[in-house]
Amino acid sequence: MFTRSVIFSLLFSGAAAPVAAQTVFVDQGDSWSPSLRAAFYTQDQGSRIMPLAWMEALAQPDGTPFLADGLARYGYLPMPDRDDGAALPVGFTPNEGMGGTAIGMTCAACHTRQIEVRGTAYRIDGGPAIVDFQSFLADLDAAMQAVLDDEATFDAFADKVAGGTGDRAGLRAELETWSLRFHTLIDGSLPDPGWGPVRLDAVSMIFNRLTGLDLGRPEDAYLIPENVMLADAPTRYPFLWNAARQDMTQWPGFAHNGNDLLGLARNLGEVYGVFGEFHPIKKPGLLFNRDYVTNNSANWGGLKALEEWIWDIGAPRWPWGLDAGLVEQGGAIFARPTDQGGCVECHGKRQGAFRSIFHSTWATPILPVGTDERECEILTRTAKTGVLEGAKVPLSSNTLGAEAPAFDLLGASVIGAIIQHAVGFRVTGGLEATGAAAALQKDDKFMAEFDDLRGAFPRSGDGSALETAAEPCKYEARVLDGIWAAAPYLHNGSVPTLRELLTPPDERVADFTPGPAYDLEAVGMAVEQTAFDHVIETTGCDDLSSGNSRCGHDYGTALSDDDKRALLEYLKSI
């Protein structure tokens, strides 16, 4: 009999501005220590972008090494005192696999923020990164294309990677396969105009990466190119200090949350999206008729550690002075009913769903607030199933047809891998299910205890986001601790400051330049930025499907100027 405790033990056996001379690490509570910070910055989770030697050998168009500035031109943050000695920024790490040493990303790459006030840099761990991921992807694609398109460039690259005696023909073949796959992803995904710094269409990129690059035939480099679609629903990176504490997660609130298993499902899906190596194999008679673990680079121990550390990241405490009287006034305004300009009905702290004996969660209302609808619209995507056609859907009686909702494919790939890993599945000899796996299929108690995993992703036919996404479009309302450090605002990052968010939608700024320069009074991104030259151009309430609409969430917009000032002071304090 597989009890919950047994399963837990099985599961987890433009150029950027110069960095300020002194970085201030903002107070994030006694549980968040320098040693945890360093581990969070570098913990491998199973992402493998390419062999590390390749990226070290790649060059920018002017011949400068691709890694010359530690990727600071994209906003990634330096980490000169790394324990592993790698010349890589926060959130990038070397790891070992069957193909040797690779470079991968960790969640710290997208969830570590640095802002600048009067020449001083303030570091906020778990905060939404101010990074231009799209330019990084596009430039990496172009750098590899340049190697393959010019013989002299290839020779220089090969000298660095393979030396004078290496197998150059074999190296070129490997590069061509990698470039074919990566270029297929980049060419089909990246929108114009781009997401810009601080934003990413993460859901589309996970769908594209999994369904477009992982489920095809080996002889086709695992590609199903027609599954790669334009990633044109950008959202701002969420902050992590309450990520584990919400009872629902993802901006449209489609995923259950609040225990180790659900956290693992959330994080494993992210690994698939940021270059985890994953190719499921057809194995009739095996658990779910597929092997989800043999060709899977997920670092299970690393994912467990990262999820544990997220519980220790506290909301950042405002590092500058506060007006105590205004804070008190603002707190009273926050506690008003919504129709009087208050916030507590949607953003107050209330007990969430019971999902763990170890932790409690905060309720996460999923509400229609009149904001951009593009993120909801992409949830209904379907894709060709490739190698998963005919696969049993884990924790369900369904099987996958030739085409299926992208969420069904993601759910099968994530939950199938988790359960196979949980029972100690290993491929040996005749590739048959282990005794534990066979017993699991008949273990009703196990299936009941893992019922929460059914909610990790919506499925067709369950009445969830797949059927109801279009009308009306709903998004999660988070607890607002640390919200001062999370600009820009709304789920799609279309409003640069909290003061602007308290402005009626038709009066909000139509465009702004994102960056680390911080406005203490407006509480968010300053008007003048030097780190990037990208301008986020937004649309009004007449175009709610642009992905960039600044419309909606007009709560508090009718408050007096004095009340708005007090409310902002309170929001700085929490």
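What number of residues within the stretch 254-276 are of a type in the set (Phe, Trp, Tyr) and part of a loop (DSSP other than H, G, I, E, B)? Write out each step before concluding.
Going through the stretch 254-276, the residues of a type in the set (Phe, Trp, Tyr) turn out to be 254, 272, 275.
Narrowing the set further to residues that are part of a loop (DSSP other than H, G, I, E, B) leaves 254, 275.
Counting residues in the stretch 254-276 that are of a type in the set (Phe, Trp, Tyr) and part of a loop (DSSP other than H, G, I, E, B) gives 2.
What number of residues within the stretch 277-325 are surrounded by fewer than 22 Cβ atoms within 10 Å (Cβ to Cβ), in a loop (DSSP other than H, G, I, E, B) and of a type in the set (Phe, Trp, Tyr)?
Result for the stretch 277-325: 3.
Do you know which residues across the stretch 76-126 are part of a loop (DSSP other than H, G, I, E, B), of a type in the set (D, E, K, R) and within 18 Å of PHE40 (Cβ to Cβ)?
The answer is ASP81, ARG82, ASP83, ASP84.
With respect to ASP542, is the statement that it is surrounded by fewer than 23 Cβ atoms within 10 Å (Cβ to Cβ), within 27 Å of the chain's Cα centre (by Cα) and not hydroxyl-bearing (Ser, Thr, Tyr) true?
So ASP542 does not fit the description; no.
Being over 25 Å from the mean Cα position of the chain (by Cα) and of a type in the set (S, T, N, Q) is the filter here, so list the residues in the stretch 545-574 that pass it.
THR557, SER560, SER573
Which of (1) at pLDDT below 70; (2) of a type in the set (A, V, I, L, M, F, W, C); (3) more than 20 Å from the chain's Cα centre (by Cα); (4) crowded, with 16+ Cβ neighbours inside 10 Å is the odd one out, the single condition ILE419 does not satisfy?
Of the numbered conditions (1) at pLDDT below 70; (2) of a type in the set (A, V, I, L, M, F, W, C); (3) more than 20 Å from the chain's Cα centre (by Cα); (4) crowded, with 16+ Cβ neighbours inside 10 Å, the odd one out for ILE419 is (1).
With respect to PRO89, determine if the residue is within 30 Å of THR153 (Cα to Cα), in contact with a strand residue (DSSP E or B) (Cβ under 8 Å, 6 or more places away or on another chain), modelled with pLDDT of 95 or more and not aliphatic (A, V, I, L, M).
Answer is no for this residue.
Scan the stretch 170-191 and report the pairs whose first residue is closer than 18 Å to ASP150 by Cβ and whose second residue is assigned to a helix (DSSP H, G or I) and of a type in the set (S, T, N, Q), with Cβ atoms within less than 9 Å and a gap of 6+ or a chain change.
Filtered contacts from the stretch 170-191: SER179/GLN145; HIS183/GLN145.
So which helices (runs of 4 or more DSSP H) stay within the stretch 1-66 end to end and still have 1 or more residues that are at pLDDT below 50 and of a type in the set (A, V, I, L, M, F, W, C)? Reasoning before the result, please.
Values: elements: 4-11, 34-42, 52-57.
By residue number, 4-11.
Just to be sure I understand, how many residues within the stretch 355-399 are hydrophobic (A, V, I, L, M, F, W, C), in contact with a strand residue (DSSP E or B) (Cβ under 9 Å, 6 or more places away or on another chain), in a loop (DSSP other than H, G, I, E, B) and surrounded by fewer than 20 Cβ atoms within 10 Å (Cβ to Cβ)?
Number of matching residues: 2.
Take the conditions surrounded by fewer than 21 Cβ atoms within 10 Å (Cβ to Cβ) and polar (S, T, N, Q) and apply them to THR112. Does it pass?
Judged against the criteria, THR112 is not a match.
(1) over 30 Å from GLY342 (Cβ atoms); (2) buried (at least 20 other Cβ atoms within 10 Å of the Cβ): which one isn't true of ALA244, the others all being true?
(1)
Kindly establish whether ALA335 is of a type in the set (A, V, I, L, M) and modelled with pLDDT of 95 or more.
Yes: the conditions hold for ALA335.
State the number of residues belonging to the stretch 203-227 that are assigned to a loop (DSSP other than H, G, I, E, B) and surrounded by 23 or more Cβ atoms within 10 Å (Cβ to Cβ). Give the steps one after another, and end with the answer.
Initially, the stretch 203-227 is screened for residues assigned to a loop (DSSP other than H, G, I, E, B), giving 214-217, 221-224.
Next, from what is left, pick out any that are surrounded by 23 or more Cβ atoms within 10 Å (Cβ to Cβ): 214-215.
Final tally of qualifying residues: 2.
Can you tell me which residue in the stretch 159-193 is surrounded by the most Cβ atoms within 10 Å (Cβ to Cβ), limited to those that are among the small types (Gly, Ala, Ser) and at pLDDT 95 or above?
SER189
When you look at VAL414, is it more than 23 Å from the chain's Cα centre (by Cα), buried (at least 17 other Cβ atoms within 10 Å of the Cβ) and part of a helix (DSSP H, G or I), yes or no? Spell out how you get there, then give the answer.
Values: more than 23 Å from the chain's Cα centre (by Cα): no; buried (at least 17 other Cβ atoms within 10 Å of the Cβ): yes; part of a helix (DSSP H, G or I): yes.
No, not satisfied.
Pull up the stretch 453-498, narrow it to residues that are under 29 Å from GLY126 (Cα atoms) and charged (D, E, K, R), then point me to the one that is modelled with the lowest pLDDT.
Across the stretch 453-498, the extreme among qualifying residues is ARG454.
Say whether the condition of being in contact with a Lys or Arg (Cβ under 8 Å, 6 or more places away or on another chain), more than 27 Å from THR23 (Cβ to Cβ) and either among the small types (Gly, Ala, Ser) or part of a loop (DSSP other than H, G, I, E, B) (or both) is met by at least one residue in the stretch 150-165.
The answer is yes, given that some residue of the stretch 150-165 is in contact with a Lys or Arg (Cβ under 8 Å, 6 or more places away or on another chain), more than 27 Å from THR23 (Cβ to Cβ) and either among the small types (Gly, Ala, Ser) or part of a loop (DSSP other than H, G, I, E, B) (or both).
Among the candidates ALA173, ALA152, which residue alone is under 20 Å from PRO65 (Cα atoms) and of a type in the set (A, V, I, L, M)?
ALA152
The values are calculated or read from the model by the stated rules, or taken from the named source; none is laboratory data. None of the values given here were measured: they were computed from a predicted structure. Don't worry about glycine lacking a Cβ; one is built from the backbone with ideal geometry, like all the others, and counts go over all protein chains shown.
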